[in-house]
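Notes follow once the structure below has been shown.
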Amino acid sequence: MSYTIIIGVLLLQCQLGNCFNLIEDSSGGESAWSGCREAVEVMVSDNNNHSNQTCSLIFLVDSDITNFQGGFLKQSILSQGALSIFRVNGDMNNTEWFLQLAHSARQVRQGSWCSVVVVVSESRTFLATLANWSLKGRLLVWASRLLVVTRLTLLHIHSLLSSHWTFSMMNTVFLNLEQPRPNLRCVAYSHMPYTAAGFRKVVRLAYWTPASTLTFFNNHTLFPEKFTNFFGDTVNVSALPFMPFWGEVVEDVASDDGSSSVTRYTGSDYYFLITVANALNFTVRIIKPASWSQATQLVNERVAYICAVYHILMPVRFEQHDFTFSYEFSYFSFAMAKPSLKPQWQSLYYPLDGLVWLLVLLMLLCTPPFLIIMVSRGGGQQQYLSSSDGMGLTVVMQDMIGMLLGQNLPSRLPITTSSRVLVAAWLVFVFIIGSAYRGNLTASLTIPKFPPRIESLEHLVIGVDRVTIPSFGEIHRKFYSESDSPLFQALARLLQVGPTFHQGLTAANEKKFEFVAQLHSGPERERLLLVVQCGKIQYHYDRKQE
């Protein structure tokens, strides 16, 4: 099997030959590593057998532990997918140094399907510091296994396992050297946060001796599942209204002491959470944060166990969170509705197409000169051209326009046959155009002509001046601004983060923004109502995603 070896040395120049020698306790006694080395090999192999996959190994070795045994690494560990060794030496309060360590180890962890982190140290201070910074640096996820090889008293083991989230809630096992040679004995401990007794406790999982290899207590497994049963315990959940996923309804309930209000929750994510709570046997306590950033911050601070409303998977969120899998797909959508148009003079123009209006104008300009030519060739009919009403061409133009507008026939009509045929043709033309115009005018006034709808992101960034998005949209604006897409970058410049969905619509209606669009997210086939304010005309329509 092919494998990769990664040797990481942080703040200590460790020669390869010195890193693969037998570890000896500096006090002269048997160290935790030298005593439990074979137990680690057995436990790593047992983990691979139960997980049905070969996990990469990440070693974090305290500088007080002198070196490793090369034979063990070559025979067993090198068969794994990857091996990383980080020599941990430096100031325990050096923030930058520990963040560098956590970042380097996390990169190795992210490069494999599963990983086992082996920490070798006999210092309580080292283990406590590492627990804090591994949490801040997101070194571990639940799929990771943390094996701490140490030599401490039972009191210190219980204290470390109970007081640090990394040890108590993550997939952590302490392998403690309790008896040196010749009665060599290593015991594995783990912290169970939820038990049938109703309190947290540290349990013994197994013990290892050279004679009996690995023996389990009370049918325990090496890395037991801690969250398959909460035994009715209470779990804090942070969430804000975000329909259709999470909603809050305040109802007045009558009681003997008077009426009181009760908050009831609804939404797909709420029902999903309740289903999980029933399956895992826990009670939900909802903590309402002030903002979405505080909702996730409460989880980071371990005040809330879950932020129940789903979060879209985006690259910028990987800076603070790890994702396991997606259980729901959602898309950002915008929509435009039928505008409530005010009466406009353009309604008189809409019944006919622009080309038709152009042809009518050409006919109106060309027909009078032809009529004048025909009348003048008839001879003796000059009274039509030189009437007392004005110039001849002006009189003919007035008559033509009058017939076009449906007025009575003028009393001064030419008597020549050719001119009368031309006038009759004009009357037929006027009748057809007038009938079509009057019919279309009724339809145009009943069904007004609306501007073209915005149907794509390209049209949106061109057609609007401002796009509002609720407070959670700051991370979306960052994502759009860092994108290589010019459309996303243009959208980021238009985004105004802050107002809720309803506040954005109200502001668009009351403040009369010239162009305002409300951006909202929702699942497939969800009906969305959004607003684009165009001048002083407000557009509303529902769009159903297919």
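Region 284-307 to region 203-269: how many Å between their Cα centroids?
Distance between centres, Cα-based: 14 Å.
Taking 0.36 nm per residue of separation and subtracting the Cα-Cα distance, what length does fully extending Leu405 through Ser483 add? Please report the intermediate quantities before stating the final value.
Details: separation 78, 0.36 × 78 = 28.08 nm, distance 5.94 nm.
Residue separation times 0.36 nm, minus the Cα-Cα distance, leaves 22.1 nm.
Suppose R0 equals 22 Å; then what is the FRET efficiency for Ala424 and Asp353 from their Cβ-Cβ distance, rounded to the nearest 0.05?
It comes out at approximately 0.25.
Given a Förster distance of 51 Å, report the FRET efficiency between Asn278 and Arg124 from their Cβ-Cβ distance, rounded to the nearest 0.05.
After rounding to 0.05, the efficiency reads 0.80.
Order of 159-165, 440-446 by packing, highest average Cβ count within 10 Å first?
Highest to lowest by the protection proxy: 159-165, 440-446.
Relative to the present Cα-Cα distance, how much length would full extension add between Met314 and Ser326 at 0.36 nm per residue of separation?
3.2 nm
Using θ = phi - 60° and the Karplus form 6.51 cos²θ - 1.76 cosθ + 1.60, what ³J(HN,Hα) does each residue of region 141-149 get, whole Hz, x for Gly and Pro?
Working through the residues one at a time gives 10, 5, 5, 7, 10, 10, 10, 9, 9 Hz.
All of the numbers you see were taken from the coordinates with simple rules; none came from a lab. These numbers were taken from a predicted model, which means no experiment stands behind them. Positions of Cβ are generated from backbone atoms using ideal geometry, with glycine treated the same way; all protein chains shown enter the neighbour counts.
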